[in-house]
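The values are calculated or read from the model by the stated rules, or taken from the named source; none is laboratory data. This structure is a prediction, so every number in the text was calculated from the model and none was measured. Here Cβ is always computed from backbone atoms with ideal geometry, including for glycine, and neighbour counts include all displayed protein chains.
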Amino acid sequence: MNNLEQKIKSKIKKQRQKARSIFVITDLARDVFVVILWIVVVILLGATIFLLKSTPWEIFGLPRFFLPALTGIPWELIALVTGLGLALYYLTINIATLYRNKGLLIVLMLISLLAGYFIAEASGLNKTLANISPVMQIYQRQGQLIAPKRGPHIAGEITHLEGNKFTLKDPTQTLWQVIVSEQTRILTEIRIGNTVMVVGNKKDNDIEAEIVKPIQMRARPFMGSGLNGKVRGQNHQMY
Amino acid sequence: MPISDEELAILSRRESKYFDQIVKRYTESIRRYIARLIGNWQESEDVTQDVFVKAFINIASFNPKMKFSSWLYRIAHNESVNYIKRNYRYKEVEFSDEVKNKLLDDKTALEKIIDKERIESVRESLVKLKSKDREILELYYFEQKTYLEISDILKMSVNSIGPTINRARAKLKKI
């Protein structure tokens, strides 16, 4: 027996083995954590794609709007999803089946992420998420970017509510029928007596609302040139 | 019929005397492997002791579906990487003459890499490779590990082992 073997054996005699149960519990906890993390990443990625789809990309093309425009992108969610995604990857590559077949792991991840997104879209989970803080805050932040400072839009008081429509009376006493859909960003409470600004598409006296946001009537209750076709056009200036 | 490593590992969970046989079987090869990674024959003794102590403490975590040697080499890899991080934080590992001599003695493995006429220069070049490239060549050629075993030791995809060996060999030829 050589000297090194002797040293190792004498060192080992002073040690105690860890119980098998510790490793079983640790492995189980890791596997459960991986599954939960995987689900969280899928859901958050769905919400991120949802917000990216509703990002007002056109504002990036406008001069001097770069910094405000950055707030239109859901950076926080992108960073969170990236961080959690990397954590998930590094946790899963400790599982033998997965690190031996990294290609399979990556394909599995991509399939689950895409499937998760489409399931979330179909089931309405993304829209539900959009109404939950902090996703809602980002969603509303994007809405603020789209809302115009000048240009075609209408402001007034809500006088009547019915189903997905409400009536808006502007300062010239004209009544507008505002149609709200699932795509409408509602940044304020829709209630009779409230003063709101509506951005959307005009059809006669009907407006298909893209955004409904609060406004202070004492400033300039009716601004811009009125609703002419699609509001978010080439000449539309935003802040 | 001799007891397999995997059986010894399972028996070691109950009686530590079986672990002594593991120590006997692997001390030399693990020390050689560590010395090649850290580039220091003297220091490799301490790291080797740490590897076996760690293996003994955590023997219950060994999965018998894996090869025991892969599991043990994985611990040796981790301990060597930790040693290198502690001691060679901002520089590449430099080989002592003692390690170089021990490394250069292993002819059979090197003969597989390149023809005999160039073997001397290859021996010198191998120690100049980056530790990642050197390690995979050492596991494949010196330790005679299969792709699956290398995958378990380095936690790499099995499919990427072949191309990585080829790339490391190409770098070796350039040196």
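The residue that is nearest to the other protein chains (Cβ to nearest Cβ), among those in region A:88-139 that are among the hydroxyl-bearing types (Ser, Thr, Tyr) and touching a Leu at 6+ places or on another chain (Cβ under 9 Å), is A:Tyr99.
B:Met66 meets all of the listed conditions (1) outside any loop (DSSP other than H, G, I, E, B); (2) under 25 Å from B:Lys155 (Cα atoms); (3) modelled with pLDDT under 90 but one, namely (1). Please enumerate the residues belonging to region A:1-33 that are more than 22 Å from B:Glu28 (Cα to Cα) and of a type in the set (A, V, I, L, M). Once the filter is applied, which keeps residues that are more than 22 Å from B:Glu28 (Cα to Cα) and of a type in the set (A, V, I, L, M), region A:1-33 yields A:Ala19, A:Ile22, A:Val24, A:Ile25, A:Leu28, A:Ala29, A:Val32. Only residues that are within 7 Å of chain A (Cβ to nearest Cβ) and part of a helix (DSSP H, G or I) were counted in region B:32-58, giving 7.
For region A:13-36, give me the residue count where each residue is away from every other protein chain (no Cβ under 14 Å) and either under 22 Å from A:Thr184 (Cα atoms) or in contact with a Ser or Thr (Cβ under 9 Å, 6 or more places away or on another chain) (or both). So the answer is 1. With a requirement of 2 or more residues that are over 27 Å from A:Thr26 (Cβ atoms), the helices (runs of 4 or more DSSP H) lying completely within region A:73-148 that satisfy it span A:75-92, A:102-123, A:125-130, A:135-146.
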